[in-house]
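Heads up: the structure comes next, in structure tokens.
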Amino acid sequence: MTASSTPQAAHATAVRWWLIVVAALIAIMVLVGGATRLTESGLSIVEWKPVTGTLPPLNEAQWAQAFEGYKAIPQYRELNAGMSLAEFKTIFWWEWSHRLLGRVIGVVYLLPFLYFLWRGVFSAELKKRLWLIFGLGALQGAVGWWMVASGLSQRTEVSQYRLATHLVLALIIFASIVWTLRRMTSRPQPAFPMRLKVSGVALLAVTFVQLYLGALVAGLRAGRVYNTWPEIDGAFIPSAARLWFEEPWWRNLFDNTLTVQFEHRMTAYALLALALWHAVDAVRSRAGAAIIGGAWSLVAAIMLQAVLGILTLLHQVPIDLALGHQAVAIVVLTLAVLQTERLVARRTESDQRKLVLPLGQPG
């Protein structure tokens, strides 16, 4: 090993661990956000103070002020009138923890990023990706407040559209980091049939669609109704009159609790079928151990996710099952990203070495 390759390897390892930590924090953030939603805590803080909001209320006067702010919004007046200060503190701490974790992620990302930039560690390609991820993270903070603001004046909860946007953006950031990590560590792969690549990309796309629909289900509390399986509203396929009664018709896809839950179920079936087809095709194509193993791992994760989804529905969304369902969704997304990157990447060994530069080399 040469003198230049030693620091290069050390830098690559440091960058990988940094990104792993950020990705893990984002996964935790998503789960805390899910708990915040399930405990109806998301509107307990009615102001956006990016800096001063880091500190919670420190005395009784500040707690009273925060509680008075919550009392002024429709959720308190229509759903929680008469709530005690102790009950308010419970939901406050969930939302405060969620926001604090967002700030922690920002610091954990930004400070090492600036250090690595200063040391000239990144290649031009990696630098562009990481600046894009940073921009998405900054946007996520604004989207989070945009979501909360939707529930402060006329609604008793946040808009399901904005909730879904907030969640999917978080998962796009997470997936981007996982993709970047994979590109830093993977080895060149042999050529694969085009249909295998297409099905891999389709799996990732359908996974994101399913995650978006799951967020709509959460936003509408649609998991607390139609708690039977495999039938929904008395049939495997509900009547068209029940699915499409809102005008214009497309609003049913986002606002009708029956339609949203139904499309979430159907997309789950489609995702599992596509994953099985992809895995069988990988075996028939003799795509190699990594691709075949990745395909069957994805099938197993999707099946577990489906079982957890059914149990969550049948038990009317208890928080433990709901968070388990959400956690496995992150696993499914991770496996789908890794599988897709394996299939579409065209890289030589020299390309991989260029992702992280030797010490002091400008990036």
*Can you pull the one-decimal nm distance between simple spin-label points at residue 327 and residue 195, each 7 Å off the Cα toward Cβ?*
3.8
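Roll a 1.4 Å probe over the protein chains and send me the accessible area per residue for the chain in Å².
Values: 17470 Å² over 363 residues.
Ligands and nucleic acids excluded, the result is 48 Å² per residue.
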*Given labels modelled 7 Å from the Cα in the Cβ direction, how far is it in nm from residue 239 to residue 115?*
6.5
*If you work out mean projected area of the Cα convex hull in nm² from the coordinates, which of (1) 24.3; (2) 21.1; (3) 18.8 do you get?*
(2)
*Excluding residue 112 itself, what net charge comes from residues whose Cβ is under 14 Å from its Cβ, given Lys and Arg +1 and Asp and Glu -1?*
+3
*asked:* Quick check: pseudo-label points 7 Å beyond the Cα along Cα→Cβ at residue 59 and residue 131, how many nm apart are they?
replied: 4.7
*Quote the FRET efficiency, to the nearest 0.05, computed for residue 310 versus residue 93 with a Förster distance R0 of 30 Å and r equal to the Cβ-Cβ distance.*
0.45
*Taking Rh as the Kirkwood radius, which is the inverse of the mean 1/r over Cα pairs, what is the Rg/Rh value for segment 1-139?*
1.15
*Which longest uninterrupted range of the chain lacks any trypsin sites (Lys or Arg not before Pro) assigned by DSSP to a loop state (not H, G, I, E or B) and surrounded by at most 15 other Cβ atoms within 10 Å?*
1-154
*By how many nm would the segment from residue 51 to residue 221 grow when fully extended, if each residue of separation counts as 0.36 nm and the alpha-carbon distance is taken off?*
58.0 nm
*Among the lysines, which fall within straight-line cross-link reach of residue 197, defined as a Cα-Cα distance under 30 Å, with same-chain neighbours fewer than 8 residues apart omitted?*
127, 128, 354
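Compute the relative contact order of the chain as a whole-number percentage, counting only Cα pairs closer than 8 Å that sit 6 or more residues apart in sequence.
Values: 400 pairs, mean separation 96.2, N = 363.
Dividing the mean separation by the residue count of the chain yields 26 percent.
First select every other residue whose beta carbon is under 15 angstrom from the beta carbon of residue 223; then total the charges, Lys and Arg +1, Asp and Glu -1.
Numbers: positive: 37, 221, 224, 265; negative: 40, 157, 233, 263, 320.
Neighbour charge sum, excluding residue 223 itself: -1.
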*Those aspartates and glutamates that a straight Cα-Cα span of less than 15 Å connects to residue 49, excepting residues fewer than 8 apart in one chain*: 95
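Can you tell me how much longer the chain between residue 146 and residue 39 gets when fully stretched, taken as 0.36 nm per residue apart minus their C-alpha distance, in nm with one decimal?
36.5 nm
Using only helices, what value at 222 nm comes out for the chain when you add -39,500 (n - 2.57) per DSSP H run of length 4 or more and divide by the total residues, to the nearest 500 deg cm²/dmol? It would help to have the intermediate numbers written out before the result.
On the way: 13 runs with 258 residues, N = 363.
Only helices count here, giving -24500 deg cm²/dmol.
Report the local net charge at residue 62: Lys and Arg +1, Asp and Glu -1, summed over other residues whose C-beta lies under 12 Å from its C-beta.
-1
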_Full-stretch length increase - residue 251, residue 138 - with 0.36 nm per residue and alpha-carbon distance subtracted_ = 37.7 nm
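The values are calculated or read from the model by the stated rules, or taken from the named source; none is laboratory data. Since the model is a prediction, treat every value here as computed from it, not as a measurement. No Cβ is skipped: glycine too gets one built from the backbone with ideal geometry, and neighbour counts run over all protein chains shown. Ligands, DNA and RNA are excluded from the accessible area calculation, which covers all protein heavy atoms including side chains. Shrake-Rupley method; radii C 1.70, N 1.55, O 1.52, S 1.80 Å.
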